[in-house]
Every structure is written in C-alpha cells, then in structure tokens.
1. Sum up the charges of everything whose Cβ sits under 12 Å from the Cβ of SER318, counting Lys and Arg as +1 and Asp and Glu as -1, but leave SER318 out.
2. Which ³J(HN,Hα) values in Hz, rounded to whole numbers, follow from the phi angles of the stretch 196-210 under the Karplus curve 6.51 cos²θ - 1.76 cosθ + 1.60, where θ = phi - 60° and Gly and Pro get x?
3. Taking just the alpha carbons, could you work out the radius of gyration and Dmax for the stretch 1-149, both in angstroms?
4. Separation between the ASN3 and ASN382 pseudo-spin-labels, each 7 Å from Cα along Cα→Cβ, expressed in nm?
5. Using the Cα centre as the reference, give the magnitude of the dipole from point charges on the C-beta atoms of the chain (Lys, Arg: +1; Asp, Glu: -1; all else neutral), rounded to the nearest 20 debye.
6. Provide the gained length on full extension for the span PHE311 to LEU249, in nm with one decimal, where the gain is 0.36 nm per separating residue minus the Cα-Cα distance.
7. From the helices alone, meaning DSSP H stretches of at least four residues, give me the mean residue ellipticity at 222 nm for the chain, per-run term -39500 (n - 2.57), in deg cm²/dmol to the nearest 500.
8. Taking 7 Å along the Cα-to-C-beta vector as the label spot, tell me the ARG97-SER344 distance in nanometres, rounded to one decimal.
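The values are calculated or read from the model by the stated rules, or taken from the named source; none is laboratory data. Please read these numbers as outputs of a predicted model, since none were measured by experiment. With ideal geometry, Cβ positions are generated from the backbone for all residues, glycine too; neighbour counts draw on all protein chains shown. All accessible areas refer to the heavy atoms of the entire protein, side chains included, with ligands and DNA or RNA removed. Shrake-Rupley method; radii C 1.70, N 1.55, O 1.52, S 1.80 Å.
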Amino acid sequence: MINSSTYNYFNSQETPFYYYDMELLENSLISIKKEAAQYNYHVHYAIKANANPRILSLIQSYGFGADCVSGNEIKRSIENGFSTDKIVYAGVGKSDREIELALDSDIFCFNCESIPEIEVIEEIAKSKNKVANIALRINPNVNANTHHYITTGIAENKFGINPWEFEEILSILRKSKNLNLIGLHFHIGSQIVDLSVFKSLCIRINEIQDWFLDHQIIVDHINVGGGFGINYHQPDEEPIPDFKNYFALFKEFLNLKANQEVHFELGRSIVGQCGSLISRVLYVKKGINTKFAILDAGMTDLLRPALYQAFHKIENLSSNESPENYDVVGPICESSDCFGKAVSLPETKRNDLIAIRSAGAYGEVMASEYNLRKVATSFFSNDIK
Ligand code: LLP
C-alpha cells in the first residue's frame with residue numbers, strides 16, 4: 001500500500017492520524033465524472049461522509065454538487081467552493097435557522113421529509129418573500145439488505161414521506177405560492193453492494209412516477225440518493241468502485257419522462273477507500289486465550305467497528321514476521337472499543353505502525369473527544385515528498 005518514504009514519514013509523526021491517498025481520490029473522481037457524463041447524470045457529494053476541507057476542495061474542483069444534512073454542512077460546502085445552485089439539503093429535523101440559511105444561500109433544492117417540514121419551509125419562505133425549490137423525499141419501501149442501523153428506505157422509518165401522504169401534500173402545494181415542487185428524492189440506505197437492490201429501487205421509482213403522472217405531475221428532477229458500497233475486505237483489489245455498472249443500471253431500469261434529469265448523492269463510494277487510520281501499537285498483552293494488540297487509536301477516532309460491528313481491514317506496516325492472531329483494541333474505557341477480533345497479523349510488537357483501511361468515509365467526521373482525547377489530525381499523500 002505504501003512506499004518507504006511514506007512509511008518513514010508515518011514513523012516520524014505523532015499517532016494516531018488519518019492519511020488520505022489523494023491520487024486515489026482523484027482517480028475515483030475521474031472515473032465518476034466520466035461514467036456519469038455518459039448519461040448527463042448530476043452527482044452531489046454527500047458531505048457527511050468526510051467534510052475535511054482538503055477533500056472537499058478537490059471534489060468540488062471536478063464540478064460535483066454537494067448533498068448536505070445540516071446548516072453547517074451547507075456553510076462548509078460553500079466555504080470550500082461548491083456552488084450553491086448544486087446544493088441539495090436533506091434531513092428529518094431541519095431547524096428554522098437552518099432553513100433560513102438554506103433559503104438565504106439560494107440552494108438548489110430542499111429534500112423534504114415530512115408534511116410539517118413542508119409547512120414550515122413554506123412559512124419561512126413566505127416571510128422572506130422567496131420561493132423554495134423542494135423535492136419530496138419518498139420512502140419507497142425497498143429493503144437495502146444492509147446493516148439495520150444504516151437502512152433507511154423501509155416503511156416504518158423516521159426518514160421520508162410515505163405514499164399515503166401524497167394527496168395531502170399535493171393539496172398543500174396547490175395552495176402554496178412559496179414552494180416549487182421540482183423533484184422526487186429517494187435514498188434507501190448505505191453500503192449497498194448488491195446492485196439488484198438499486199434495480200428494485202428503480203422499479204419502485206417508476207411506479208411512483210406513474211402515480212404522479214396520473215395526478216398530472218411530472219417533476220424535472222429524480223434524485224436516487226447514494227448508498228453505493230465499497231469493498232472493505234479487499235480494498236487494494238477494488239480501490240475504485242465499479243461506477244460504470246452502477247450508473248448503467250440506472251440508465252437501464254429507470255424510466256424517465258421527457259427532459260427529466262437524474263441526480264445522485266454519493267458519499268462512501270467517493271471517499272471510502274482513500275483514507276486510512278494510522279496508529280501505533282502501545283502494548284501487546286496476553287489474555288487467557290488471546291493476545292491483545294492495544295493501539296493508540298480507538299473508537300473515538302473510528303467509531304464504525306464499535307457502532308455497527310463494521311469490518312475494516314487491519315494491516316501491520318512494520319512487521320514481516322509469521323502471522324499470529326490478535327484482538328486489536330483501542331485504549332478507551334469501553335469493551336466495544338475493539339477494531340477486530342482474532343485478526344491475523346504478522347507478529348506484532350510495541351511501536352509497530354498499524355493501518356486501519358477504508359476509513360475515508362464516516363471516519364474522521366464521526367470522531368469524538370470522549371475520554372478527553374485529542375481528535376486525530378490528518379495528512380495527505382500529495383504533501384509527502
Ligand atoms: N443521501 C442521503 C439522504 C443519506 O442519508 C446518505 C447517507 C447519503 C446520501 C450518502 O450515502 P453513501 O453514498 O455514503 O452510502 N455512518 C454510517 C453511514 C450513514 C449513512 C447516512 N446517510 C456508516 O459509517 O456506515
């Protein structure tokens with residue numbers, strides 16, 4: 001994964017830290033841009049996956065829009081060069097201040113998640129004498145077959161609007177002068193590696209579009225959300241997800257009406273593989289039946305294993321000895337502070353450098369200061385000579 005000058009650089013730094021392979025990020029962006037351009041698809045990067053300014057400015061330089069879920073994400077994306085007319089804003093709990101900020105910033109579209117939210121946006125837009133572009137975030141009741149914490153598209157779920165609410169929404173919209181319905185929005189979950197799930201989504205979107213057509217409504221924009229997964233088990237075999245087949249699937253199965261434009265909100269598949277959490281072994285401790293490799297990185301730096309039992313590939317960058325099994329854990333006072341059990345690593349000693357791979361998405365952004373720990377810094381491959 002890394003050459004000797006990068007290894008020496010790592011060795012000279014205080015750990016833990018995030019390391020971003022900016023060439024890989026750039027190659028991923030080139031691939032997405034090329035594949036999406038074939039069909040004139042619009043891609044909005046889901047800021048929530050990684051909001052590091054260096055990452056954001058590279059992504060925006062490829063002309064992508066931003067998918068935000070808070071006022072601060074809107075601010076951060078504007079500060080880092082995303083153009084406001086490519087910002088979409090989702091979230092089940094938009095506060096009045098956040099709605100005001102979004103209206104003042106003239107973002108492209110609010111992805112609305114409930115009737116009360118639509119009413120509040122209408123009220124605030126009216127007070128500002130503005131018209132808000134909205135899309136309905138529809139709950140399509142498609143099972144994403146992913147971890148239950150990151151599935152969002154099934155019926156009993158805090159996200160999105162259910163079909164039995166459409167009639168009421170249309171009557172609100174008919175009366176409104178400050179809301180402009182421009183799109184339908186969907187997002188069914190994250191880390192979806194089975195492409196047939198997206199085929200099911202397309203089929204549902206087609207049915208939902210038919211319902212709207214029966215009510216004389218054709219929106220200009222269809223936003224299919226994000227959720228495309230990455231290969232956590234073999235990051236080096238699949239550093240760039242198969243965007244070609246991903247976009248082709250939507251081309252094949254989504255029935256578009258004339259002049260409709262398609263939008264995507266990709267997070268993990270853009271930034272997931274370019275980041276690693278680099279840490280050092282503090283101690284190797286013998287348990288009863290296992291050995292613990294205790295790292296200086298913990299769940300405060302990368303929460304996914306503790307929160308979702310997520311798998312991340314772990315590598316010892318310092319040892320070529322014969323393999324042994326370790327429970328790789330962090331220093332936090334929580335039993336769930338564990339990166340992997342019975343992980344096969346070359347014989348591991350104090351001070352060895354450890355890389356936890358595929359940590360570019362939902363890693364640094366989910367860090368906390370629990371136990372009053374310092375939040376890990378970040379380094380970028382293009383700064384290392
Ligand atoms: N659009 C909406 C409306 C979303 O809720 C999300 C992610 C995305 C787009 C981007 O999804 P992606 O392409 O990254 O899968 N912290 C969890 C993931 C939470 C995802 C939340 N929503 C994790 O670490 O797996």
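1. -1
2. Here the 3J(HN,Hα) series is 5, 5, 5, 5, 4, 4, 4, 4, 5, 4, 4, 5, 5, 4, 4 Hz.
3. 18.7, 60
4. The two pseudo-label positions are separated by 1.7 nm.
5. Taking the Cα centre of the chain as origin, the dipole is about 420 debye.
6. 19.6 nm
7. Rounded to the nearest 500, the figure is -8500 deg cm²/dmol.
8. Between ARG97 and SER344, the simple spin-label model gives 5.3 nm.
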